[in-house]
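All remarks here apply to the structure that follows.
The values are calculated or read from the model by the stated rules, or taken from the named source; none is laboratory data. Quantities reported herein were computed from a predicted structural model and do not represent experimental measurements. Virtual Cβ from ideal backbone geometry, glycine too; neighbours counted across all protein chains shown. Accessible surface areas use protein heavy atoms only, side chains included; no ligands, DNA or RNA. Shrake-Rupley method; radii C 1.70, N 1.55, O 1.52, S 1.80 Å.
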Amino acid sequence: AILMPPLLILTSSNRLVQNRLSTLQAWLSKTFSKQLMLPINFQGHKWASMLLALTLMLLSLNLLGLLPYTFTPTTQLSMNMALAVPMWLSTVLIGMRNQPTISLGHLLPEGT
């Protein structure tokens, strides 16, 4: 569990031939970000690195909870709220900035 997060850290090298670990790491991050960005339009792809890092952090924290006598930090409401509120607020604010009539339309009853 201690060695897994350092192995997931993305590294870059200018070598033409890389070792197996970095090749596997690059393939996994490319495949994962491709699957993550598939339903999102092209303008949302700039968030790929942040979403990939957030997902890998949550994955490693939840996998840490599978070990005996360890504590999973994501069981605490304070951590979940600290991650969820900024993401939700940024989604709402970006929606209000880019499409204000559609975003405000969600606040009204249907058919008005």
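Summary of computed values
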{"read-out": "Computed E for T23/L58 - FRET, C-beta separation, R0 35 angstrom, nearest 0.05", "value": "0.90"}
{"read-out": "Solvent exposure, largest accessible area first (probe 1.4 Å, DNA, RNA and ligands not counted), of I102, I40", "value": "I102, I40"}
{"read-out": "Label-to-label distance, nm, for residues given as Q76 and I94 (7 Å Cα→Cβ offset)", "value": "2.8"}
